[in-house]
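To start, the structure under review is shown below, and the notes come after it.
Throughout, read-outs are computed from the coordinates displayed, never taken from laboratory work. For clarity, every value in this text was computed on a predicted model and none was experimentally measured. Here the Cβ positions follow ideal geometry from the backbone for every residue, glycine too, while neighbour counts run over all protein chains shown.
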Amino acid sequence: MPQPSFFAKSVPFEQIDKLAINGGYSSIYATGEPNVPVVGNWKQRFCRLADTFQPVLDRVYNFEVREDDVWIVTLPKCGTTWMQELTWLVLNQCDFETAKSIDLTIRSPFLEFNGVVSNVPHDTIEAANELSSPRLIKSHLPAWLLPHQIWTKKPKVIYVYRNPKDAAVSYFHHWRGMVGYQGSKEDWCQSFIDGYVNFTPCWPHVLDFWQLRHEPHIFFTSYERMKSNLGLVITEVAKFLQRVVTPEQVLQMVEHLSFESMRENPACNHVKEFESMKAAAGREVEEFRFVRRGVVGSHKDELTAEVIREFDLWSDVNLRDYKLNMDDFANYSKY
């Protein structure tokens, strides 16, 4: 019997009782040294996840990777859907008709979604396994919990960073819409900072991929760069994937990937995921659009000055030893 890839330590309920989580919550640790470098002591590294993830983590870790895969990895609400759609178009000769008619969750599965919602009828790991190559697969897991063959077969991995203040605000609205969270935004942000929401803590997740950014199979970019010059990011992704896109196709992709177009495209609004979450909740949850505002700096008009200061102090504490600041991640270009 294979060795488990992780072990779990339960999080006391009083630390998560405001998050409207059904069931328990745990800190997930590696059982052995990961085969990818991680920041800090790997024995002390953890990822916080609802206990519904535990049945799928070993299946994810042992997932059969193909060398021609392309993986999109981010923390939640960091432009994941945007980059999935962009990358799918680059890989599929800008097939806009299919991109508008076939749901993105089918074209590019969220590998560990059965951990997010445990009682959905479809198996996202099996769906990813059955895709024809080249596959485009999404995950929010940190580097050391991803399929271990990623670090030996070295398929292309695209990592998208976003300012955590903006990501946390977007995640708050997502949690309200998907899970039915009724707590305050301030409590939510404190839970994000403390690492008590799925896939956190944030900064180790980012830093693991930052230290890998020069590897030939890793492409590190940011939501902020996509917002400021989407056409340039499209050409960089195409270069990274060794695909050709013409200037005319870039212009067409910029239009297709605009905030307005993405917001109105049902194939990119995670309708299937939302229906799964509603069914799992067993109650009505607030209707919402997955693609909501898409504004860089949106936290400035949604968070109090005190919460913003708390975020900034937290970031400084986590980045000072690496002599980094948030602009370093937001402005980085591989080329």
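Things to note:
- Taking θ as phi - 60° and the Karplus parameters 6.51, -1.76 and 1.60, the scalar couplings of segment 212-223 work out to 9, 4, 8, 5, x, 9, 10, 10, 9, 9, 9, 4 Hz in sequence order, x denoting glycine and proline.
- Subset of Lys43/Lys154; Lys9/Lys227; Lys154/Lys239 violating a 27 Å alpha-carbon distance limit: Lys9/Lys227
- The chain - charge dipole about Cα centre, Lys and Arg +1 at Cβ, Asp and Glu -1, debye rounded to 20: 440 debye
- Cross-link pairs beyond the 27 Å C-alpha cut-off, checked among Lys138/Lys334; Lys100/Lys153; Lys153/Lys334: Lys100/Lys153
- By the count of other C-beta atoms within 10 Å, a proxy for reagent exposure, Asp166, Asp316 are ordered fewest to most as Asp316, Asp166.
- Of all DSSP bridge pairs formed entirely within the chain, close to 40 percent run antiparallel.
- 15 Å beta-carbon shell around Pro55, net charge (K/R +1, D/E -1): -4
- Unit charges at the beta carbon, dipole of segment 130-178: most positive-side option, Ile158, Pro142, Gly177: Ile158
- Assigned charges on the beta-carbon of Lys, Arg, Asp, Glu; segment 1-142 dipole about Cα centre (debye): 520 debye
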